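Q: One structure follows; several queries about it will come next.
The values are calculated or read from the model by the stated rules, or taken from the named source; none is laboratory data. Small disclaimer: the values here were computed from a predicted structure and weren't measured. Quick reminder, even Gly has a Cβ in these numbers, built from the backbone with ideal geometry, and neighbours come from all protein chains shown.
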Amino acid sequence: MAEKKEKLTKSELITKIADIVELPKNDVNLTINTLVSIIISEMQIGHEITIPGLGTFVKKLKKERIATNPMTGQKIKIPGKNVPKFKPAKNLKEAVGLTQ
């Protein structure tokens, strides 16, 4: 069985940022919420959002495909749809060991 991975929650992230930049947690929370809102709205209209050192958020079209219903064996068409993707920056990949 795989080990459970540690997670950094939003509230823990807010606390860490607030401590480092010496701002109230409410201000940091508002900033994070605003960042997420802007990323979502820009992706909805097809824009890429690049944050240097972190990566790029993009909207990709997943193509229409044919699949098989495992219960009936019947072929079904799954329509294409837009999905969010994140492409990590090179230095982020290197920092977490994704590149050599």
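Q: Could you tell me whether region 60-78 includes any residue that is within 27 Å of residue 14 (Cβ to Cβ) and either part of a strand (DSSP E or B) or modelled with pLDDT of 95 or more (or both)?
A: Within region 60-78 (the criterion being within 27 Å of residue 14 (Cβ to Cβ) and either part of a strand (DSSP E or B) or modelled with pLDDT of 95 or more (or both)), the answer is no, since none of the residues qualifies.
Q: OK, next. For region 21-59, give me the residue count where each residue is part of a strand (DSSP E or B) and either more than 23 Å from residue 96 (Cβ to Cβ) or aliphatic (A, V, I, L, M) (or both).
A: Adding up the residues that qualify gives 4.
Q: Quick one: is residue 93 in a strand (DSSP E or B) and out of contact with any Pro (no Cβ under 9 Å at 6 or more places or on another chain)?
A: No; evaluated as a whole, the condition is false for this residue.
Q: Check region 8-17 and report whether any residue there is under 23 Å from residue 83 (Cβ atoms) and either in contact (Cβ under 8 Å) with a residue 12 or more places away in the chain or not in a loop (DSSP other than H, G, I, E, B) (or both).
A: Yes, because at least one residue in region 8-17 is under 23 Å from residue 83 (Cβ atoms) and either in contact (Cβ under 8 Å) with a residue 12 or more places away in the chain or not in a loop (DSSP other than H, G, I, E, B) (or both).
Q: Sort through 56, 50 and tell me the only one that's touching a Lys or Arg at 6+ places or on another chain (Cβ under 6 Å), of a type outside the set (Gly, Ala, Ser) and under 30 Å from residue 14 (Cβ atoms).
A: 56
Q: Please state which one of 61, 92 is in contact (Cβ under 8 Å) with a residue 24 or more places away in the chain, out of contact with any helix residue (DSSP H, G or I) (no Cβ under 9 Å at 6 or more places or on another chain) and of a type in the set (A, V, I, L, M, F, W, C).
A: 92
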